[in-house]
């Protein structure tokens, strides 16, 4: 049975996606990915789903992906899993692009190759630096929560501290090697897509198409 995914836009300034992930449509526990703004609307969505928050996952420490982390953790008691190389930014509340957010001390730091077992799900942690210095993605049940690495028709920006174009392209190439073309990509902004579609039509991936 495929995992159930619901998308909520908490951050109305940056229009970043927050995801509610459950093992099934009837599962009583949920994992929240990238709480990027005031979590109040999220509580209503969780109530309608009949789910509680079992844990919080963060792909990278940009304001529009962590601005609601401290409030969500405080309200639910849920622990957070964050990239090890960006945990210090979250603890200090000094995240990109230099706008302060409420500080939070995450219970867990993750790195490439880790497996998180939470809410009946088994999530693989994949290191995908490039947009930020220690960006990660989470893979589960044919779905990839990719943060700001890859979008429908675009890719993440690399002009902020820690960004690097060559690393970003290499990270996308790695995902294409690890996972099949039907893998659903849930990006940090915009609509879902698939790895196969982006390889075929994304104008920023010309060098990867040429190399295949």
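Could you run through region 129-184 and say how many residues are assigned to a strand (DSSP E or B) and in contact with a helix residue (DSSP H, G or I) (Cβ under 6 Å, 6 or more places away or on another chain)?
Within region 129-184, residues that are assigned to a strand (DSSP E or B) and in contact with a helix residue (DSSP H, G or I) (Cβ under 6 Å, 6 or more places away or on another chain) number 2.
Kindly establish whether residue 137 is under 17 Å from the mean Cα position of the chain (by Cα), touching a residue at least 40 places away in the same chain (Cβ under 8 Å) and on the phi < 0 side of the Ramachandran plot.
Values: under 17 Å from the mean Cα position of the chain (by Cα): yes; touching a residue at least 40 places away in the same chain (Cβ under 8 Å): yes; on the phi < 0 side of the Ramachandran plot: yes.
The answer is yes for residue 137.
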_Based on this model, can you work out whether residue 109 counts as under 16 Å from the mean Cα position of the chain (by Cα), free of Cβ contacts under 8 Å to residues at least 24 places away in the same chain and closer than 30 Å to residue 163 by Cα?_
no
*Does residue 115 satisfy being crowded, with 22+ Cβ neighbours inside 10 Å, at pLDDT 95 or above, closer than 20 Å to residue 171 by Cβ and in contact with a strand residue (DSSP E or B) (Cβ under 9 Å, 6 or more places away or on another chain)?*
no
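Residues being touching a residue at least 40 places away in the same chain (Cβ under 8 Å), assigned to a helix (DSSP H, G or I) and either touching a strand residue (DSSP E or B) at 6+ places or on another chain (Cβ under 6 Å) or farther than 22 Å from residue 21 by Cβ (or both): count how many of those fall in region 84-106. Before the answer, list the steps.
We begin by selecting, within region 84-106, every residue touching a residue at least 40 places away in the same chain (Cβ under 8 Å); these are 84-86, 96-97, 106.
Next, from what is left, pick out any that are assigned to a helix (DSSP H, G or I): 84-86.
From the residues that got through so far, the ones that are either touching a strand residue (DSSP E or B) at 6+ places or on another chain (Cβ under 6 Å) or farther than 22 Å from residue 21 by Cβ (or both) too are 84-85.
Here the count works out to 2.
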*Tally of residues being more than 25 Å from residue 90 (Cβ to Cβ) and not in a loop (DSSP other than H, G, I, E, B) across region 1-59*: 5
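The values are calculated or read from the model by the stated rules, or taken from the named source; none is laboratory data. The structure displayed is predicted, hence computed values, not measured ones. Neighbour counts are summed over all protein chains in view; Cβ atoms, including those assigned to glycine, are modelled from backbone coordinates with ideal geometry.
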